[in-house]
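Beneath this line is the structure, given in structure tokens, with notes to follow.
Where a number appears in this text, it was derived from the coordinates with a stated rule and is not lab data. Here the structure is a predicted model, which means the values were calculated and not measured. FYI the Cβ positions are ideal-geometry reconstructions off the backbone, even for glycines, and counts take in every protein chain you see.
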Amino acid sequence: MIIKILGSGCSRCEKLFKKVNSVVKSNIINAEVIKTEDIKEIAKYGIMMTPGLVINEKLVCSINVPSEKDILKYINENS
């Protein structure tokens, strides 16, 4: 599983990155978590505001920082 955090490096993007890593570790999920700040890469997903959460190439959330419970739900739904 590949999980991408799309963002410009702002505090919300960093918060989402940390939350996703926490969920992956605490639930023993086999996933690679990647943070990208590349504007061209972010634009591929059609979002105008960050952060964005992409699981297995599917955009599941953007603009807000979901709770750890919601992150786990997104992972389970898209694994």
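Check the straight Cα-Cα distances from Lys35 and name the aspartates and glutamates below 15 Å, setting aside those fewer than 8 residues away within the same chain.
Glu14, Glu57
If packing is taken as the mean number of other Cβ atoms within 10 Å per residue, what is the order of 8-19, 34-45, highest first?
Going from most to least packed, we get 8-19, 34-45.
Please give the calculated 222 nm ellipticity per residue for the chain, where each DSSP H segment of at least 4 residues contributes -39500 (n - 2.57) and the sum is spread over every residue; nearest 500 deg cm²/dmol?
-11500 deg cm²/dmol
Using the Karplus curve 6.51 cos²θ - 1.76 cosθ + 1.60 with θ = phi - 60°, what ³J(HN,Hα) values do you get for each residue of region 22-27, in whole Hz, with x for Gly and Pro?
Result, ordered by residue: 5, 5, 4, 5, 5, 9 Hz.
Under a straight-distance cross-link criterion of Cα-Cα below 16 Å, which lysines are reachable from Lys73, leaving out those fewer than 8 residues away in the same chain?
Leaving aside lysines fewer than 8 places away in the same chain, those within reach of Lys73 are Lys4, Lys19, Lys25, Lys58.
Output needed: percent of Cα pairs per 5 Å distance bin for the chain, bins running from 0 to the one holding the longest distance.
3, 18, 33, 27, 15, 4, 0
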